[in-house]
Amino acid sequence: MTTQSTTEMPAVGYGAAILRAIKSFGLLRESWVGMIGAFLVLFWVIVAIFAPLIAQFDPNASIQPFAKPGMVAASGSTFWLGTDHMGRDIMSRIVWGSRTVLVYAPLATLSAYTVGILMGLMAGYRGGLVDDVLSRISDIILSFPVLVLYIIVIATIGASGFNIVIAITFASSPGIMRIVRGLVLDLRNRDYVAAAQTRGETDWRIMLFEILPNARGPLIVDACLRLGYVIITIGVLGFLGLGLPPPDPDWGGMVNETRQMAMVFPHMTLFPCIAISSLILGFNLLADGLREISLRD
Amino acid sequence: MILLLLKRIGFMLFTMVVVSIILFLLLETGLTGDPATRVLGNFASDEQKEMWRDQHGYNQPTVVRYAKWLGNFATGNLGTSIRYKGPVKEVLLPRLWNTAVLGFWTFAIMIPLSLILGVLSGMKEGSILDRTISVFGILTTSVPEFASAVFFSALFVFGLKWLPGTSSMAGGFEFKQLILPALVLVVYDFGYVARMTRASMAEVMTSQYIRTAVLKGLPYKQVILKHALRNALIAPFTVIMLQINWLLSGVIVVEFFFAYKGFGALLLEASLNNDIALLEACAMVAVVVAVGSQTIADIGYTFLNPRIRFT
Amino acid sequence: MNDNQEPVLVCKDLCISYYTRAGEIPAVVDFSLTVKPGETIGIVGESGCGKSTVAMAIMQYMGANGGIKSGGITFKGRDLTTLSEDQLRSIRGSEISMIYQEPFASLNPSLKIDTQLMEVPLAHENISKDEAYRRSVKMLTDVKLPDPERIMASYPHQLSGGQQQRVVIAMGLLSKPSLLLLDEPTTALDVTVEAGIVKLIGDISKTFGTSQIYISHNLGLILETCDRVFVMYSGEVVEEGTINSLFTWPKHPYTHGLFSCIPLPTADKNAAPLTPIRGQLPLPFERPSGCYFGPRCDHFERGLCDSAHFKMENVDGGAPDHRVRCLRYKNINHVKAQPGGTAKKTLKIGKSVLTVDRMKKYYEVKDTSLTALISGKRIRHVKANEELNFTAHESETVAIVGESGCGKSTFAKVLMGLETRTEGEIRHNGKNISKISVQDRSTKQIRSMQMVFQNPFDTLNPSHSIGGQISRVLRKFGVETDKKEIFDRVMTLLDTVKLPRDFYFRKPRQLSGGQKQRIGIARAFAGNPSIVIADEPVSALDVSVAAAVTELLMDIQRKHKTTLLFISHDLSVVRYLSDRIVVMYLGHILERGTANQIFAPPYHPYTEALLSAVPIADPEVTKRKIVLEGNLPSAMNPPKGCPFCTRCHRKLGDICDNELPAEQVVADRHVIKCHIPLEALKKVAPVIHVPDESERLQQQVAV
């Protein structure tokens, strides 16, 4: 049974890890729902990256008010999606606005996850008093209706990109903590964790190396869903006038500014709405596809 | 059982006290900016601010002020609204009623719709109906309320001209004006509840006791109604109760959009206008409703689940 | 049994497949079976052999992706495969019923037992609710459940595992079916509870005249319950026959191999080691042409066995219904008396390594009920271990035996330093380690005491490669520090556990259960420990794989002169491999001594019952039947006196209820904790009787 060939030392495998990541992404091909999601997300990521090339106008420049979609500007360029009441090109604003969303939403999610995972690991693995205190705190935060919480936080600390990240971290990390805690409570009873304990590993090593990697499946799916939800939140805050301070383009804010004119100029509100919905749909479909695949094997 | 009830109610009170402290610290002390500036604006002179502070007791020690504030709250004295120039209570109560009406209709449509669709798709996992409902659910939950409000307005108000575009109820209560706000809320939320119900139902359908029931030779209807639903609806019950919490967020957007005079719009108005007393009252009401519904959800869960009830 | 009677069930040339996205997976191939009225048929095989699929096919319940490809299932003259859903419903539960492996999962958690029982007759017969209730109570009495009215009003979770299984059996029998399918009905139960259920099942056909199909992986259980047996391998039957002829003269190399993998109470690890079947069960789509067992068979003949698939044939000169699927069975000479391989040398037992002295472990549990709050007794103790005393020597294998909840795993945790003991001492090489938790132990202490875990699917971290996991142990224990050296050591370890070297790069999910357990063993022995604790290391594995892992474990132990603490519930494995045995019950050691002392009188009454409950796959061995009454008491609320007093069949009286018995020393290191005087215990007859050579000859003449 023993192979006599001498096996070589493994090369340090970052390359292999990247290859594997690509391969597991390839699995998505088996789920058309996931594929559509990935396509939508990828589309907006590319738009955000190449915003300066795609947008033909300065998003904040007042050029020609109330232009209908397809009208040609004096410069010869076309207002593909028309302009708003202040004469700003809607397509350029949507394109630049995608940058706002795709910078702040992942940043906020990442920050919420860092806090939530650390709290969840501590609460689930250590248990006892640590768990009691952390769980109580998260219960209290979660008992707030989310938007009420955002409004209060933003109302007191003011609206800015950084503050939105803070508010989202504050409001979503308890939810993430709960998920992580649940997963840890299950995983910490596995024999491989006992094996690590019996060889005297430290608690942090066990949490980060033995437990956390095995919780990644459900967490990745949740992260996708949460990313979608964070985008909604940023949009809603913008819509309620609590988002980024004007004039920088922000999809929710665009809807808010123009909705009074929707009766006459529906394009001003419709296009930002389509933009935000499609991006959120992308993340939700991606999450669903990932879940479907993770359940399969 | 009784102990659990007491525990839950105890926790509810505890949460409310903690929340009130946080609110107080955030809004009434200098922690996040001077309240006097917040109320009087940036251009008020120092004397004006000082006078305002004296008048409203802001120069007393924080603890004393909190005790007074809490005492007032507990006895139903919610303070005076700056914006509405009247007692908060009088502004708040009719608004709460309006939101309750909106919430009632939303739930009255959303719960049966999502439960039925969820159960149907969970019964036969992977069927065409299941896949359709599932994708449709994702689609509707992906559209934020303000966006679906725009889409529906475009369709029903500007396009078909069936429904009014605002719901201010200026000429008295009109059911027609309630349709769009409720529709937006239902569309956004039903997908989530339906998916939860589906997951719960699908899990039950693959369980061994359902196999037992089928292999006992029971009619399919009896297997579903007697054996499956009973277990499958425990989880969605909790989810639905927690949706009340979500509804409080949803109404803010919808009421703002349709100019519906409800609690959500009031809360937003209070925060945008720095109406501290009103904001505090609204926040406390929101927390009471949210924690209260959670408590009911927890107790209901225990009651529905014999494994917890009898141990 | 009457041969002239119409058969109850006939399966003819049945082929069952599952259809997945990977294509068609043939689960069962060419399966034929006839069940006569009142007959009990056993189907035995390892996991994945298709035995449960057969049961599900008979019930016509195969899920969306399963289907019968060809062949027929005829039940009392009606072809089940052609029936409509409505017609099937009238048969299911009334004519054919089924008993499942996990009784708890099979009962609806939110309905009371009465509802779940009564609906069976109500669905099939036109009777009143009162009548249904009356019948249900009667049936509960028939399956020997005490206080049936109380059980009727209970929810499933309020019953013990044994009670739940009796309820499921009652449910199956309620409408007097002609055929009962039992799918591993006792696998989830403790041995002493299992004994009771097996006895009940054995009585069913006598009392009700029901035909049964008993599916199990355990040959011993089949022997105790069945008339005829079918041995399945990789989706097909390889041998069938009456219990007597198949167990006495197994013809197929696989059947024979199975017997060589099971330790019998006659076998000894050094004189007659187990002979595992080499290789692994082929996956359904990787089956070889010709004989499926070919690649693992010692009698394989190229050109003959691998040419074409072949049918079952009657055994020449055997019993008329003994059939085998093997072309070479006539040329194979199985020598019955020597099931084992070559003898291995007996190890010399060395100096004392581990001493456990009056060790106690109590857990505190907060009681949150209202009564506890009022009475002020908010903290209760779970007495997981009470006054444990024993020693273990170098090269010695000490088995700790007991049913679930006896405290054997808690003891392992205390030993490893994952928990700290409440009282008493544990000395390892003379040093008291009972108070030092694992974080405070020195690397030397940690590496000298390691553990092999129970669940193969849990023992390795699925996120890390095999090589990485073993390397980590070597680095942590400071065995090697240089990268290259560590790598070489991992290779040596992989050689030691007889796995290919390229497993270094594999992830745990690419390994089979047995291979994972081998890695677990490699990991435990990486730091050359002086004590290894093996917590049921093979209980989750199939017999043929388990035998190989057991042998490997003992080979390594021999080489390293390791002390092995073997935790198990299976007395026949324990008898086979251990030098000394410690019998635990509810946190107490009731008896301890050498393997021979434990297996011969004087016994502790609990040991006696345990021995009687062990299924033995040898028709020549006879056992005295002792079935224990009642359930295992909870460790929260143990009996006041002797822990075993609630179930003891030799209970003396009040003294057992009220006083904890003292340890009675029978011989050096053989101790029994019981109130019954030693003299009386010595008079007890042996439970297991193994015929010697002369008796065996006499028996064969008689046959």
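Summary table
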{"item": "Hits in the stretch B:176-228 (condition: of a type in the set (Phe, Trp, Tyr) and within 12 Å of another protein chain (Cβ to nearest Cβ))", "result": "B:Tyr188, B:Tyr192, B:Tyr209, B:Tyr220"}
{"item": "Candidates A:Leu225, A:Leu183, A:Leu208 - the one that is over 19 Å from C:Phe453 (Cβ atoms), at pLDDT 90 or above and surrounded by fewer than 21 Cβ atoms within 10 Å (Cβ to Cβ)", "result": "A:Leu208"}
{"item": "Set C:Ala319, C:Ala271: member being among the hydrophobic types (A, V, I, L, M, F, W, C), surrounded by fewer than 17 Cβ atoms within 10 Å (Cβ to Cβ), farther than 21 Å from C:Trp249 by Cα and modelled with pLDDT under 80", "result": "C:Ala271"}
{"item": "So C:Ser395, is it open to solvent by less than 10 Å² (accessible area, probe 1.4 Å), assigned to a loop (DSSP other than H, G, I, E, B) and of a type in the set (S, T, N, Q)", "result": "yes"}
{"item": "Any hit, the stretch C:594-611, residues being aromatic (Phe, Trp, Tyr), touching a residue at least 24 places away in the same chain (Cβ under 8 Å) and open to solvent by 10 Å² or more (accessible area, probe 1.4 Å)", "result": "yes"}
{"item": "Output for the stretch C:20-71, where each listed residue is modelled with pLDDT of 85 or more, among the hydroxyl-bearing types (Ser, Thr, Tyr) and over 24 Å from C:Leu246 (Cα atoms)", "result": "C:Tyr61, C:Ser70"}
{"item": "Test: residue in the stretch B:257-267 that is within 14 Å of chain C (Cβ to nearest Cβ) and of a type outside the set (A, V, I, L, M, F, W, C)", "result": "no"}
{"item": "Helices (runs of 4 or more DSSP H) within the stretch C:93-148 that include 3 or more residues in contact with a Leu (Cβ under 8 Å, 6 or more places away or on another chain) and either at pLDDT 90 or above or within 12 Å of chain B (Cβ to nearest Cβ) (or both)", "result": "C:113-124, C:129-142"}
{"item": "Count of residues meeting criterion [open to solvent by 10 Å² or more (accessible area, probe 1.4 Å) and within 9 Å of another protein chain (Cβ to nearest Cβ)] in the stretch A:188-205", "result": "9"}
{"item": "Pairs, first under 22 Å from C:Arg380 (Cβ atoms) in the stretch C:630-656, second surrounded by 16 or more Cβ atoms within 10 Å (Cβ to Cβ) and among the aromatic types (Phe, Trp, Tyr), C-beta under 9 Å, six or more apart", "result": "C:Leu632/C:Tyr585; C:Pro643/C:Tyr585; C:Pro643/C:Tyr606; C:Phe644/C:Tyr585; C:Phe644/C:Tyr606"}
{"item": "Given (1) over 17 Å from the mean Cα position of the chain (by Cα); (2) open to solvent by 20 Å² or more (accessible area, probe 1.4 Å); (3) within 12 Å of chain B (Cβ to nearest Cβ), index of the condition A:Ile152 fails", "result": "(2)"}
{"item": "When residues of the stretch C:503-523 are limited to those that are open to solvent by 70 Å² or more (accessible area, probe 1.4 Å) and part of a helix (DSSP H, G or I), the one farthest from the other protein chains (Cβ to nearest Cβ)", "result": "C:Gln510"}
{"item": "The stretch B:119-160, residues that are modelled with pLDDT under 90, within 8 Å of another protein chain (Cβ to nearest Cβ) and not in a helix (DSSP H, G or I)", "result": "B:Gly126"}
{"item": "Enumeration of residues in the stretch B:63-85 that are part of a loop (DSSP other than H, G, I, E, B), closer than 23 Å to B:Leu40 by Cα and either polar (S, T, N, Q) or under 25 Å from the mean Cα position of the chain (by Cα) (or both)", "result": "B:Asn77, B:Leu78, B:Gly79, B:Arg83, B:Tyr84"}
{"item": "Count of the stretch C:54-85 residues which are part of a strand (DSSP E or B), surrounded by fewer than 22 Cβ atoms within 10 Å (Cβ to Cβ) and not hydroxyl-bearing (Ser, Thr, Tyr)", "result": "9"}
{"item": "Residues (open to solvent by less than 60 Å² (accessible area, probe 1.4 Å), under 24 Å from C:Gly209 (Cα atoms) and of a type in the set (A, V, I, L, M)) located in the stretch C:1-53", "result": "C:Val8, C:Leu9, C:Val10, C:Leu33, C:Val35, C:Ile41, C:Ile43, C:Val44"}
{"item": "Residue satisfying all of: in the stretch A:230-255; surrounded by 21 or more Cβ atoms within 10 Å (Cβ to Cβ) and either without any contact (Cβ under 8 Å) to a residue 40 or more places away in the chain or acidic (Asp, Glu) (or both); nearest to A:His85 (Cα to Cα) among these", "result": "A:Val255"}
{"item": "So C:Ile99, is it within 28 Å of C:Gln158 (Cβ to Cβ) and open to solvent by less than 40 Å² (accessible area, probe 1.4 Å)", "result": "yes"}
{"item": "Members of the stretch C:301-316 found to be touching a helix residue (DSSP H, G or I) at 6+ places or on another chain (Cβ under 7 Å) and open to solvent by 50 Å² or more (accessible area, probe 1.4 Å), listed by number", "result": "C:Asp316"}
{"item": "Residue match in the stretch A:286-297 (condition: of a type in the set (Ser, Thr, Tyr) and within 15 Å of A:Leu81 (Cβ to Cβ))", "result": "no"}
{"item": "Members of the stretch A:83-127 found to be of a type in the set (Ser, Thr, Tyr), in a helix (DSSP H, G or I) and either more than 16 Å from A:Met254 (Cβ to Cβ) or open to solvent by less than 10 Å² (accessible area, probe 1.4 Å) (or both), listed by number", "result": "A:Ser92, A:Ser98, A:Thr109, A:Ser111, A:Tyr113, A:Thr114, A:Tyr125"}
{"item": "Verdict on B:Tyr220 being of a type in the set (Phe, Trp, Tyr) and surrounded by 19 or more Cβ atoms within 10 Å (Cβ to Cβ)", "result": "no"}
{"item": "Qualifying residue in the stretch C:160-169 (condition: open to solvent by less than 20 Å² (accessible area, probe 1.4 Å) and away from chain B (no Cβ under 14 Å))", "result": "yes"}
{"item": "Of residues in the stretch C:175-188 being open to solvent by less than 10 Å² (accessible area, probe 1.4 Å) and in contact (Cβ under 8 Å) with a residue 60 or more places away in the chain, the one farthest from the chain's Cα centre (by Cα)", "result": "C:Pro177"}
{"item": "Neighbours by Cβ (under 7 Å, 6+ apart or cross-chain): first from the stretch C:271-289, farther than 22 Å from C:Ser307 by Cβ; second modelled with pLDDT of 80 or more and of a type in the set (A, V, I, L, M, F, W, C)", "result": "C:Leu274/C:Cys261; C:Leu274/C:Ala547; C:Pro276/C:Cys261; C:Pro276/C:Ala547; C:Pro276/C:Ala548; C:Ile277/C:Cys261"}
{"item": "Residue in the stretch C:444-453 that is surrounded by the fewest Cβ atoms within 10 Å (Cβ to Cβ), counting only those that are more than 7 Å from chain A (Cβ to nearest Cβ) and out of contact with any Pro (no Cβ under 7 Å at 6 or more places or on another chain)", "result": "C:Lys444"}
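The values are calculated or read from the model by the stated rules, or taken from the named source; none is laboratory data. Just so you know, these numbers come straight off a predicted model, no measurement behind them. Heads up, the Cβs are rebuilt from the backbone with ideal geometry, glycines too, and the neighbour counts pull from every protein chain shown. The area values use the complete protein model at the heavy-atom level, side chains included, leaving out ligands, DNA and RNA. Shrake-Rupley method; radii C 1.70, N 1.55, O 1.52, S 1.80 Å.
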